[in-house]
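A short worksheet on the structure shown next.
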Amino acid sequence: MSRDILHPVFRTTPYWWDDVAPDESTREELPPRADVLIVGGGLTGLNCAIELGRGGAHAVVIDAEAIGFGASTRNGGGVSGGNSIGKGLSGAKGRSGGSTDALVAAMIADGTESLTHVESIVAREGIQCHYARTGRFIGAFTPKHYAGMAAKAEQLNRLAEADAHMVPRERQREEIASDYYFGGMVINRTGKIHPALYHHGLMQAARRHGATLVSHARAGAITRTATGWSVETSRGSIEAREVVIATNGYTGRLTPDLQRRLVPIASHIIATEPLPPDLAASLIPKARTLADSRRVLCYFRMSPDGTRVLFGGRARFTQVSAQVSAPLLHAMMLQRWPQLRGTRVTHAWTGNVAFAFDYLPHMGRTEKGLHYAMACNGSGVAILSYLGAEIGKKILGQANRVPSFDGRDFPTMPFYAGNPWFLPAIGGWYRFRDWLDRTLA
């Protein structure tokens, strides 16, 4: 694919930032102390700060970059309702020693509650972020995948009230103007959002509830004190009773015990130029978010104004330039929608998601005593918003119950220290397996 797919105004910042970019204009001062210091200014940290503020605690949120620079404002804007955690559930019994059915039910219930949490905080705080519960269509890459989805739909309806149903291939064009898939599954209990506006609204809410947000304050040494913690940052030191690590795909050497439990994977997205109205309206007739069952996942949707395609996926599993990722994603888009041939790309960007080795979200405390919530596994808008708020409740002593993801074994692999050197090989293997599955379908 040649570079002529790039529009003359092509830029490498997220499309979402055209409406609201991370705020570089103001920098609040770092106070000398706080009740709770939160490292990471994304969805996890801000939801935690809001909950703490509602309970009367002063939270300080710090970020190494501008608040909102990371994946919280770079994602595709899909909001899952408990359906995105399924891959990690198969081994849950061995890790927990309890009933598989009970644990699966608890985890799916928490996933379901995460969507409710997002909807509640958007409504309560008056966040204008184009949120809508429009549902998701997941395309089956092969007939075998379709059969597997049918079993999953039954489980989601039974445990998560997902309002899921199957769409056979002959009716697929009711969901997507494409014959690329072998039918698929609709999950009605999911939504979509403008992630940058959602994040911006959370920032405003956090400040209303008394939080202090400090950008460009990279955390350094974290030391135990008689009353809590002392944290050195690039903008001075601060003391806090509790510390929350909310760094997800950007977790680094500050917390090596967490870093070695996460695999950061780059996710890449493009936005097309505005399309002719009739063409744009035809692509996703019911305005859902879309994804598929490939190992090298693709996810896509229309922009909030319905004029552009936003198409994301694992063009590469590692960070590459937008000039590299844009042609790859454009080619994937044309496989699904050949009618978009000739459409140019105005934006291409990337951000890190974080996978756990068990494909499950995790919340808890490190051996040192630091709180954390992380491992979005590619679907973090709802679950990390929810777990961030749950950490706030836990610190305040106001939690009604223990979330199913709290305190569970957070596995790693021997000799892994956080450098995912193996990702190019895994990406190549997954692409081969996808090709083989499709060839044999």
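The values are calculated or read from the model by the stated rules, or taken from the named source; none is laboratory data. Note that the structure is a prediction, hence the values are computed from the model and not measured. For neighbour counting, all protein chains shown are included, and Cβ atoms are generated from backbone atoms with ideal geometry for every residue, glycine included. In case anyone asks, the SASA skips ligands and DNA or RNA and just uses the protein heavy atoms, side chains included. Shrake-Rupley method; radii C 1.70, N 1.55, O 1.52, S 1.80 Å.
For region 10-33: of the residues being out of contact with any Pro (no Cβ under 8 Å at 6 or more places or on another chain) and outside any loop (DSSP other than H, G, I, E, B), which is farthest from M302 (Cα to Cα)?
Filtering region 10-33 for residues that are out of contact with any Pro (no Cβ under 8 Å at 6 or more places or on another chain) and outside any loop (DSSP other than H, G, I, E, B), the one farthest from M302 (Cα to Cα) comes out as R33.
Taking the residues in region 366-382 that are farther than 17 Å from L258 by Cα and at pLDDT 95 or above as candidates, determine which candidate is farthest from the chain's Cα centre (by Cα).
Per the criteria, the residue is A382.
Just checking, how many residues over region 99-147 are of a type outside the set (A, V, I, L, M), touching a residue at least 60 places away in the same chain (Cβ under 8 Å) and either part of a helix (DSSP H, G or I) or open to solvent by 40 Å² or more (accessible area, probe 1.4 Å) (or both)?
Residues in region 99-147 being of a type outside the set (A, V, I, L, M), touching a residue at least 60 places away in the same chain (Cβ under 8 Å) and either part of a helix (DSSP H, G or I) or open to solvent by 40 Å² or more (accessible area, probe 1.4 Å) (or both): 14 in total.
Yes/no per residue for (1) open to solvent by less than 10 Å² (accessible area, probe 1.4 Å); (2) in contact (Cβ under 8 Å) with a residue 40 or more places away in the chain; (3) closer than 21 Å to H347 by Cβ:
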site	(1), (2), (3)
V244	yes, yes, no
T251	no, yes, no
R260	no, yes, no
A266	yes, yes, yes
P285	no, yes, no
Y299	no, yes, yes
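Would you mind listing the strands (runs of 3 or more DSSP E) fully within region 279-341 where at least 1 residues are more than 30 Å from W421 (Cα to Cα) and among the polar types (S, T, N, Q)?
289-292
Given the criteria within 26 Å of R133 (Cα to Cα), in contact with a strand residue (DSSP E or B) (Cβ under 9 Å, 6 or more places away or on another chain) and not hydroxyl-bearing (S, T, Y), does R365 qualify?
So R365 fails the test.
Filtering region 158-217 down to residues that are farther than 22 Å from Y146 by Cα and among the hydroxyl-bearing types (S, T, Y), which residue is surrounded by the fewest Cβ atoms within 10 Å (Cβ to Cβ)?
T212
Tally up the residues in region 49-59 that are surrounded by 24 or more Cβ atoms within 10 Å (Cβ to Cβ) and either touching a Ser or Thr at 6+ places or on another chain (Cβ under 8 Å) or farther than 24 Å from W17 by Cβ (or both), please.
Result for region 49-59: 3.
With the requirement that a residue be hydrophobic (A, V, I, L, M, F, W, C) and either at positive phi or open to solvent by 50 Å² or more (accessible area, probe 1.4 Å) (or both), what does region 311-348 give you?
V324, L328 - these are the residues of region 311-348 that are hydrophobic (A, V, I, L, M, F, W, C) and either at positive phi or open to solvent by 50 Å² or more (accessible area, probe 1.4 Å) (or both).
Out of curiosity, is A281 surrounded by fewer than 20 Cβ atoms within 10 Å (Cβ to Cβ), under 30 Å from A151 (Cα atoms) and over 18 Å from the mean Cα position of the chain (by Cα)?
Here the answer is no, as A281 does not meet what is asked.
Restricting to region 369-404, give me the number of residues that are without any contact (Cβ under 8 Å) to a residue 12 or more places away in the chain and either open to solvent by less than 10 Å² (accessible area, probe 1.4 Å) or not β-branched (V, I, T) (or both).
The qualifying residues number 4.
Restricting the search to region 8-31, which residues are closer than 22 Å to Y198 by Cβ and open to solvent by 80 Å² or more (accessible area, probe 1.4 Å)?
R11, D19, E24, S25, listed by residue number.
Select from region 164-202 the residues that are touching a His at 6+ places or on another chain (Cβ under 7 Å) and of a type in the set (V, I, T) and list them in ascending order.
Residues satisfying the conditions are V186, I193.
Taking region 349-368, which residues are open to solvent by 10 Å² or more (accessible area, probe 1.4 Å), assigned to a loop (DSSP other than H, G, I, E, B) and under 22 Å from V118 (Cβ atoms)?
Y359
Could you list, in sequence order, all residues of region 218-229 that are under 24 Å from the mean Cα position of the chain (by Cα) and open to solvent by less than 50 Å² (accessible area, probe 1.4 Å)?
Listed by number, the list holds a single entry, A219.
Could you give every pair whose Cβ atoms fall below 6 Å, whose first residue belongs to region 170-187 and is at positive phi, and whose second residue is assigned to a loop (DSSP other than H, G, I, E, B) and open to solvent by 10 Å² or more (accessible area, probe 1.4 Å), counting only separations of at least 6 or pairs across chains?
As it stands, the answer is G183/P168, since those pairs meet every condition given.
Identify, please: which residue in region 405-441 is among the small types (G, A, S) and not in a loop (DSSP other than H, G, I, E, B) and is, among those, least open to solvent (accessible area, probe 1.4 Å)?
G427
Could you please tell me which pairs satisfy a Cβ distance under 7 Å, a separation of 6+ or placement on different chains, a first residue in region 306-317 that is within 23 Å of Y430 (Cβ to Cβ), and a second residue that is open to solvent by 10 Å² or more (accessible area, probe 1.4 Å) and modelled with pLDDT under 85?
Matching pairs, first to second residue: none at all.
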